[in-house]
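**Q** Got a structure for you, questions after.
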Amino acid sequence: MKGCNAVVRVLTLAVLLGIAGSAAAQQAYPNKPIRFITPYPPGGSTTVLARLVGQKLTESWGQQVIVDNRGGGNTIIGTEALVKSPPDGYTIFLASPLLVMLPHLYRTLPYDTLRDVAPVATIANTELILVLNPSVPANNLQELIALAKSKPGELNYASSSSGGPTHVAGEMFNIMAGVKTQHVPYKGGGPALTDLLGGQVQMYFNTPVSFISHIKSGKLKAIAISGETRSPALPQVPTFTQAGLPGFDVGYWQGILVPAGTPRAIIDKLSAEVVRIVALPDIKEKLDSQGFAPFVSNADQFAALLKSDMAKYAKVIKAANIKIE
């Protein structure tokens, strides 16, 4: 019995030491550089956001945050790199709504979207705006819907990629407005915008920052913007609800994830710091310059957003029969 008691005491001590060591490690977090994966090539708004937040984290914690661009595979390559990383808080990831769209677009993925990641906090949000080539004989949403109904399949809308938010937005419009417009996918927003300006396609949903200069110059017509309020940069453009299509919600958020299994203490510490950073006046100013608005939500709120968006986009993708092989 004495021998058994001794073994129990040793095992108990080992467990307590392990817990204490884990707690100490979490309390010391971070004590080495952090890798910040963005699943896109260098350049563009995602890299700007990652560097913006990464720099503030570096200043706050005295540990370098290194942006790691892992583009390719419709963000799958970067996401797989995240889920294969140690769950210790030293690999973080910049996510967008595409994260919860992909499970409905591909037969299989090398990870489980909700099971293999842990939400930390959101950073920013931007709405999508619908613009037309000036040759389209419609000046508001109701005129556009009437035109599309009178010419089913004759109007084309561009997207920056098959299955992405700009594609899903077009199909959501078709379903909610009861019209049929044709999807024309491009390899990136630049080529899509070029053909829109040239009149090869008539419609395009994308972020306001992509179009502001062309709207103000008269090269494009702005019809409506998603979200609950008008954009300060384009106050003359009504929301879809104001224009007569309530419920059209295709906001494009950006948020931070870590691998599943990351200790909750680390997630909470990282989440609190990201929330603090997003609320800074200079960050708001810089986000505004990129066409984004600060979007503050903690880990639990972000988790709820992922689940609700996954359900929302599942309905649209299934109804429109969007698939990527």
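The values are calculated or read from the model by the stated rules, or taken from the named source; none is laboratory data. On a predicted model such as this, the values are computed, not experimentally measured, just so you know. Heads up, the Cβs are rebuilt from the backbone with ideal geometry, glycines too, and the neighbour counts pull from every protein chain shown.
**Q** Run R35 past the list (1) touching a residue at least 60 places away in the same chain (Cβ under 8 Å); (2) surrounded by fewer than 22 Cβ atoms within 10 Å (Cβ to Cβ) and report the number of the one that doesn't hold.
**A** The failed condition is (1).
**Q** Could you list, in sequence order, the residues of region 148-165 that are in contact (Cβ under 8 Å) with a residue 24 or more places away in the chain and more than 16 Å from N133 (Cβ to Cβ)?
**A** Result: K149, P152, G153, S160, S161, S162, G163, G164, P165.
**Q** Let me ask something additional. Kindly list, by first and then second residue, each pair from a residue in region 277-298 that is in contact (Cβ under 8 Å) with a residue 40 or more places away in the chain and outside the structural domain of T207 (by TED's automatic domain parsing) to a residue that is surrounded by 15 or more Cβ atoms within 10 Å (Cβ to Cβ) and aromatic (F, W, Y), limited to pairs with Cβ atoms under 7 Å and residues at least 6 apart or on different chains.
**A** Every condition considered, the pairs that remain are F295/W253.
**Q** Among the residues of region 186-201, count how many are surrounded by fewer than 15 Cβ atoms within 10 Å (Cβ to Cβ), at pLDDT below 95 and not in a helix (DSSP H, G or I).
**A** So the answer is 2.
**Q** If you don't mind, another one. Mind counting the residues in region 237-255 that are in contact with a helix residue (DSSP H, G or I) (Cβ under 6 Å, 6 or more places away or on another chain) and of a type in the set (V, I, T)?
**A** 1
**Q** Count, please, the residues in region 15-44 that happen to be at pLDDT below 85 and outside any helix (DSSP H, G or I).
**A** Taking region 15-44 and keeping what is at pLDDT below 85, we get 15-27, 41-44.
Next, only the ones that are outside any helix (DSSP H, G or I) stay: 41-43.
Qualifying residue count, region 15-44: 3.
**Q** Any idea how many residues of region 221-274 are closer than 19 Å to I175 by Cβ, without any contact (Cβ under 8 Å) to a residue 24 or more places away in the chain and part of a loop (DSSP other than H, G, I, E, B)?
**A** 2
**Q** Does A260 satisfy being among the aliphatic types (A, V, I, L, M), surrounded by fewer than 18 Cβ atoms within 10 Å (Cβ to Cβ), farther than 30 Å from I34 by Cβ and not assigned by TED's automatic domain parsing to the domain that holds E154? Walk me through how you get there before you give the answer.
**A** On the way: among the aliphatic types (A, V, I, L, M): yes; surrounded by fewer than 18 Cβ atoms within 10 Å (Cβ to Cβ): yes; farther than 30 Å from I34 by Cβ: no; not assigned by TED's automatic domain parsing to the domain that holds E154: yes.
No, not satisfied.
**Q** Are there any pairs, at least 6 apart or on different chains, whose C-beta atoms fall under 8 Å, with the first in region 47-62 and without any contact (Cβ under 8 Å) to a residue 12 or more places away in the chain and the second surrounded by 14 or more Cβ atoms within 10 Å (Cβ to Cβ) and outside any helix (DSSP H, G or I), and if so, which?
**A** Q55/V65; T58/Q64; T58/V65
**Q** Collect the residues in region 210-220 that are more than 14 Å from L128 (Cα to Cα), out of contact with any strand residue (DSSP E or B) (no Cβ under 8 Å at 6 or more places or on another chain) and in contact (Cβ under 8 Å) with a residue 12 or more places away in the chain, keeping them in residue-number order.
**A** Selection gives G218, K219.
**Q** Looking at T79, T47, T12 in this structure, which one is closer than 29 Å to K286 by Cβ and at pLDDT below 95? Give the steps one after another, and end with the answer.
**A** Working: T79 fails: at pLDDT below 95; T12 fails: closer than 29 Å to K286 by Cβ.
Exactly one residue qualifies, and that residue is T47.
**Q** Looking for whichever is farther than 25 Å from G170 by Cα, part of a helix (DSSP H, G or I) and modelled with pLDDT of 90 or more here; the options are I317, I283. Which one fits?
**A** So the residue among I317, I283 that is farther than 25 Å from G170 by Cα, part of a helix (DSSP H, G or I) and modelled with pLDDT of 90 or more is I283.
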